[in-house]
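The values are calculated or read from the model by the stated rules, or taken from the named source; none is laboratory data. Treat the numbers as computed from the prediction; the structure is a model and nothing was measured. Here the Cβ positions follow ideal geometry from the backbone for every residue, glycine too, while neighbour counts run over all protein chains shown.
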Amino acid sequence: MGLFDSLKHGLERSREALNEIFYFGGEVDEDFWEELEDTLVMGDMGGEIAMRVTDDLREMAARKNLRTADQLRAALAERLEEFFVAPESDIFDDTPSCVLFVGINGAGKTTTVGKIASAEATAGKNVVIGSADTFRAAAIEQLDVWGERAGVPVIKRDRGSDPASVCYDVLDEADKCNSDLVLIDTAGRLHSSPELMRELAKVVKVTRKRAEACTAGPMPVHAVLVIDAATGQNGLNQAKEFNDALGLDGIIMTKLDGTAKGGIALAVANQLKLPIYRIGVGEQVDDLQRFNAHDFCRALVGIE
Ligand SMILES: Nc1nc2c(ncn2[C@@H]2O[C@H](COP(=O)(O)OP(=O)(O)OP(=O)(O)O)[C@@H](O)[C@H]2O)c(=O)[nH]1
Ligand SMILES: [Mg+2]
């Protein structure tokens, strides 16, 4: 399966709802506009974006005399694309680079670290993983499995250790080995817990401090929020809280394969003006893709 096909496959559930209105009857009438707005809201773009997009398309349809729903499909994809922010550069391509993966429990942080470690090690990079989830039982073992598969060392301490110390250790190792890419997994936590958010802010701070002192020069540190797309509009709250606590650099959206709420990617990117670096479209090692707003929007609305 090609990249675009697998993206389309991943977004199938999000797209089905839109397909219904685009295929049904095919006439652009009052019902069509209402259904379009409802479908966008249900796909979790949020009411405001849904309304803006619908109004803009309605105006365009009148101006250009577009009469069939199918003609509007491409225009919709283009309009949706405008909500995304393009990154200055890809933090996983930059060398050297240290990325901390943060997010609520079960969002897909550890899996994403594993997938990226494999992809970047295969591409010839010198990668090291840090296991700063010292809280959850089996978290370290889970990461070890991914590290082994990728042929990448995993720096860890005993369960219950200070997560900031692990970050310190992993940067020591990266410094010693001239690593290109440092990937640090953190424990899942609720964005609504001030205590856990403070702990995480400390982890990020210690990491930045140690990264600045690298022998070869300061290593840039990025905090990336991993969001499960199926959490829908709650993803917006998560993004806001994590961003307030840490100053996020970007987003990774996981589990787009299992949800009809793909529009949340757009809502979060637009609200926080943050780039999406990768999207997860399955549980396997290859089920992670670079995010491309153009392809994403076309796949979302079902353009071949
Ligand atoms: N379908 C699908 N499943 C995914 C994706 N990414 C992760 N998962 C699954 O989601 C579950 C949780 O993933 P983890 O990587 O353990 O999540 P985590 O954020 O590290 O969880 P905690 O460490 O407990 O906070 C696992 O069963 C993964 O296989 C994805 O893109 N698609
Ligand atoms: Mg984890």
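Specify which of the listed residues (G108, G114) is surrounded by 24 or more Cβ atoms within 10 Å (Cβ to Cβ) and within 13 Å of ligand 1 (Cβ to nearest atom). Break it down stepwise before answering.
Details: G108 fails: surrounded by 24 or more Cβ atoms within 10 Å (Cβ to Cβ).
Among G108, G114, only G114 is surrounded by 24 or more Cβ atoms within 10 Å (Cβ to Cβ) and within 13 Å of ligand 1 (Cβ to nearest atom).
Do we find a residue being within 16 Å of ligand 2 (Cβ to nearest atom) and not small (G, A, S) anywhere in segment 203-213? Don't jump to the end; show me each part of the working.
Taking segment 203-213 as the starting set, the residues that turn out to be within 16 Å of ligand 2 (Cβ to nearest atom) are 203.
From what is left, the residues that are not small (G, A, S) are 203.
Yes, because at least one residue in segment 203-213 is within 16 Å of ligand 2 (Cβ to nearest atom) and not small (G, A, S).
Taking the stated definitions as given, is E88 acidic (D, E), away from ligand 2 (no atom under 16 Å from the Cβ) and closer than 12 Å to L183 by Cβ? Before the answer, list the steps.
Working: acidic (D, E): yes; away from ligand 2 (no atom under 16 Å from the Cβ): yes; closer than 12 Å to L183 by Cβ: no.
No.
Got a number for residues in segment 139-161 being within 14 Å of E120 (Cβ to Cβ) and within 13 Å of ligand 1 (Cβ to nearest atom)? Explain how you work it out, then say what you get.
Step one: filter segment 139-161 for residues within 14 Å of E120 (Cβ to Cβ), giving 146-147, 149-153.
Right, trim to within 13 Å of ligand 1 (Cβ to nearest atom) and you get 146.
Count: 1.
Can you name every residue in segment 102-130 that is more than 20 Å from the chain's Cα centre (by Cα), not in a loop (DSSP other than H, G, I, E, B) and not aliphatic (A, V, I, L, M)?
T122 - this is the single residue of segment 102-130 that is more than 20 Å from the chain's Cα centre (by Cα), not in a loop (DSSP other than H, G, I, E, B) and not aliphatic (A, V, I, L, M).
Select from segment 124-162 the residues that are more than 24 Å from T95 (Cβ to Cβ) and among the polar types (S, T, N, Q) and write down the one among them that is surrounded by the most Cβ atoms within 10 Å (Cβ to Cβ).
Going through the qualifying residues, I end up with T134.
Looking at segment 170-179, is at least one residue buried (at least 23 other Cβ atoms within 10 Å of the Cβ) and in contact with a Ser or Thr (Cβ under 8 Å, 6 or more places away or on another chain)? Even if it seems obvious, please write down each step before you answer.
Of all residues in segment 170-179, those buried (at least 23 other Cβ atoms within 10 Å of the Cβ) come to 170-171, 174, 179.
Filter once more, keeping what is in contact with a Ser or Thr (Cβ under 8 Å, 6 or more places away or on another chain): 171.
Within segment 170-179 (the criterion being buried (at least 23 other Cβ atoms within 10 Å of the Cβ) and in contact with a Ser or Thr (Cβ under 8 Å, 6 or more places away or on another chain)), the answer is yes, since at least one residue qualifies.
Could you check, for segment 30-39, whether at least one of its residues is at pLDDT below 95, more than 16 Å from ligand 2 (Cβ to nearest atom), surrounded by 15 or more Cβ atoms within 10 Å (Cβ to Cβ) and farther than 27 Å from T259 by Cα? Can you show your working first?
To start, the set of residues in segment 30-39 that are at pLDDT below 95 comprises 30-39.
Remaining after also requiring more than 16 Å from ligand 2 (Cβ to nearest atom): 30-39.
Subset that is surrounded by 15 or more Cβ atoms within 10 Å (Cβ to Cβ): 32-33, 35-37, 39.
In the following step, the residues that additionally are farther than 27 Å from T259 by Cα were identified as none.
Looking for residues that are at pLDDT below 95, more than 16 Å from ligand 2 (Cβ to nearest atom), surrounded by 15 or more Cβ atoms within 10 Å (Cβ to Cβ) and farther than 27 Å from T259 by Cα, one finds none in segment 30-39, hence no.
Please find, among D295, D228, the residue that is within 16 Å of ligand 2 (Cβ to nearest atom), crowded, with 18+ Cβ neighbours inside 10 Å and of a type in the set (D, E).
Details: D295 fails: within 16 Å of ligand 2 (Cβ to nearest atom).
Of D295, D228, the one residue that is within 16 Å of ligand 2 (Cβ to nearest atom), crowded, with 18+ Cβ neighbours inside 10 Å and of a type in the set (D, E) is D228.
Does L66 satisfy being more than 16 Å from ligand 2 (Cβ to nearest atom), in contact with a helix residue (DSSP H, G or I) (Cβ under 8 Å, 6 or more places away or on another chain) and part of a loop (DSSP other than H, G, I, E, B)? Write out each step before concluding.
On the way: more than 16 Å from ligand 2 (Cβ to nearest atom): yes; in contact with a helix residue (DSSP H, G or I) (Cβ under 8 Å, 6 or more places away or on another chain): yes; part of a loop (DSSP other than H, G, I, E, B): yes.
Here the answer is yes, as L66 does meet what is asked.
Out of L143, L80, L72, which single residue is within 11 Å of ligand 2 (Cβ to nearest atom) and either assigned to a helix (DSSP H, G or I) or within 22 Å of the chain's Cα centre (by Cα) (or both)?
Checking each option against the conditions leaves just L143.
On the given criteria, is T95 polar (S, T, N, Q) and either buried (at least 18 other Cβ atoms within 10 Å of the Cβ) or closer than 18 Å to L288 by Cα (or both)?
Numbers: polar (S, T, N, Q): yes; either buried (at least 18 other Cβ atoms within 10 Å of the Cβ) or closer than 18 Å to L288 by Cα (or both): no.
Here the answer is no, as T95 does not meet what is asked.
Go through (1) in a loop (DSSP other than H, G, I, E, B); (2) modelled with pLDDT of 95 or more; (3) within 16 Å of ligand 1 (Cβ to nearest atom) one by one and return the number of the condition S192 breaks.
With respect to (1) in a loop (DSSP other than H, G, I, E, B); (2) modelled with pLDDT of 95 or more; (3) within 16 Å of ligand 1 (Cβ to nearest atom), S192 is out only on (2).
Is there any pair linking a residue in segment 107-126 that is on the phi < 0 side of the Ramachandran plot and polar (S, T, N, Q) to one that is away from ligand 1 (no atom under 16 Å from the Cβ) and not in a loop (DSSP other than H, G, I, E, B), with Cβ under 7 Å and at least six apart or on different chains, and which?
Cβ pairs passing all conditions: N126/C177.
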